[in-house]
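The values are calculated or read from the model by the stated rules, or taken from the named source; none is laboratory data. Every value quoted in this text rests on a predicted model; they were computed, and no experiment measured them. Cβ: placed from backbone, ideal geometry, glycine included. Neighbour counts: every protein chain shown.
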Amino acid sequence: MHLRQVTACPQSASYTTHRRRDGRLAWQIYVCQRHRRFSGWSVPGNLRRIADDDPPVQCGTVHDHRPQGEIIVSHIEGWMGVTGHWSDGAAPDDWRDHLRAAHSYLYYIRNERLAALTEHALRLAAAGMVNDVLMLLADAETAAAHG
Ligand SMILES: [Zn+2]
């Protein structure tokens, strides 16, 4: 399970929602009242209140159970906002290809911060350090949430 923090909200979560794929839990997010329809992570049909006796969780906590490659692509197409033409050119199952395409795009639009981030991620990927890629992207996602 890969842990993500996708809001900068200090509140305790009072709701949770999730998405399933092929009968298995893909991810689960914990959110406060205000963030219960948080963009990109809202599945209203699955929203439920957290029981009062459940252990407290910070708003924006995500338990991501997807395969590593899918999580990496979800970072690229989610908070990094690299979708459409650039992403379409990448092989759907090849997260390295997505990462390369994202890097080219971010470099092209002169987003220096994210271009440097994806370059770092590509170096880690080339060294086979996929867990480090996930940690790097999760840290950057949390930093981006804090603006
Ligand atoms: Zn919140």
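What the table shows:
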item	result
Selected residue (only one of HIS120, HIS98 is modelled with pLDDT under 95 and out of contact with any strand residue (DSSP E or B) (no Cβ under 8 Å at 6 or more places or on another chain))	HIS98
Search result, residues across the stretch 17-40 that are more than 13 Å from the ligand (Cβ to nearest atom), in a loop (DSSP other than H, G, I, E, B) and in contact (Cβ under 8 Å) with a residue 24 or more places away in the chain	GLY40
Residue within the stretch 53-66 that is among the acidic types (Asp, Glu) and either within 16 Å of the ligand (Cβ to nearest atom) or part of a loop (DSSP other than H, G, I, E, B) (or both) present	yes
Flag for ALA102 being part of a loop (DSSP other than H, G, I, E, B) and either within 27 Å of THR61 (Cβ to Cβ) or over 15 Å from the mean Cα position of the chain (by Cα) (or both)	no
Any hit, the stretch 53-66, residues being closer than 25 Å to ASP139 by Cβ, surrounded by fewer than 13 Cβ atoms within 10 Å (Cβ to Cβ) and more than 19 Å from the chain's Cα centre (by Cα)	yes
Qualifying residue in the stretch 70-83 (condition: in a loop (DSSP other than H, G, I, E, B), touching a residue at least 12 places away in the same chain (Cβ under 8 Å) and more than 22 Å from THR142 (Cα to Cα))	no
Failed criterion for GLN33 (all others in (1) modelled with pLDDT of 95 or more; (2) within 18 Å of the chain's Cα centre (by Cα); (3) loosely packed, with under 12 Cβ neighbours inside 10 Å hold)	(2)
